[in-house]
Amino acid sequence: MIVRTDLVRLLGVGGIMIFPFCFVEKHASDRLIRHEMIHFKQALNLLVIPFYILYLLEWIRCLFIYGKNAYYYICFEQEAFRNEFHEHYEVKYKWIKYLPKSNKIKLWQNN
């Protein structure tokens with residue numbers, strides 16, 4: 001559900017998704033709404049709580065690597081930025097996609 005409010009500006013952002021709501025500024029662009037809806041779909045796809053856990057872990061990882069620019073390197077944000085121009089973008093993936101590439105475990109291989 002989209003909630004239009006200028007209260008998000010108090011956080012210094014144009015929008016934020018706190019499941020099940022997408023809070024955006026009153027005069028938010030369609031692009032910003034799509035960006036937040038992508039996060040909504042990501043959360044649904046990952047069953048909500050794991051989404052927030054993975055998002056936090058990814059932010060911490062990026063914080064050590066990129067410092068104050070960590071937000072822009074979070075994999076969930078990159079997916080939203082890449083696809084916020086696509087009106088009918090569907091989030092379809094397996095959660096393992098979000099593990100750092102060097103740490104991916106190939107579950108289908110026997111040791």
Selected residue [at pLDDT below 90 and among the aliphatic types (A, V, I, L, M)] from L63, L56, L99 | L99
Would you be able to tell me the number of residues in the range 2-22 that are within 12 Å of M37 (Cβ to Cβ) and of a type in the set (D, E, K, R)?
-> 0
In the range 25-37, residue nearest to N83 (Cα to Cα) [restricted to those that are in contact with a Gly (Cβ under 8 Å, 6 or more places away or on another chain) and part of a helix (DSSP H, G or I)] | H35
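Residues are listed down the side, and each one gets a yes or a no for (1) more than 18 Å from E79 (Cβ to Cβ); (2) part of a strand (DSSP E or B); (3) out of contact with any Ser or Thr (no Cβ under 7 Å at 6 or more places or on another chain):
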site: V3; (1), (2), (3): yes, yes, yes
site: M17; (1), (2), (3): no, yes, yes
site: Q42; (1), (2), (3): no, no, yes
site: I53; (1), (2), (3): no, no, yes
Go through (1) in a helix (DSSP H, G or I); (2) under 19 Å from E87 (Cβ atoms); (3) touching a strand residue (DSSP E or B) at 6+ places or on another chain (Cβ under 8 Å) and name the single condition C22 misses.
-> (1)
What is the residue count in the range 3-36 for residues that are within 22 Å of Y52 (Cα to Cα), surrounded by 12 or more Cβ atoms within 10 Å (Cβ to Cβ) and among the small types (G, A, S)?
-> 2
Pairs where the first residue, in the range 59-76, is outside any helix (DSSP H, G or I) and the second is surrounded by 11 or more Cβ atoms within 10 Å (Cβ to Cβ) and of a type outside the set (A, V, I, L, M, F, W, C), C-beta under 6 Å, 6+ apart = I74/E58
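The values are calculated or read from the model by the stated rules, or taken from the named source; none is laboratory data. All of these numbers come straight from a predicted model, not from anything done at the bench. With ideal geometry, Cβ positions are generated from the backbone for all residues, glycine too; neighbour counts draw on all protein chains shown.
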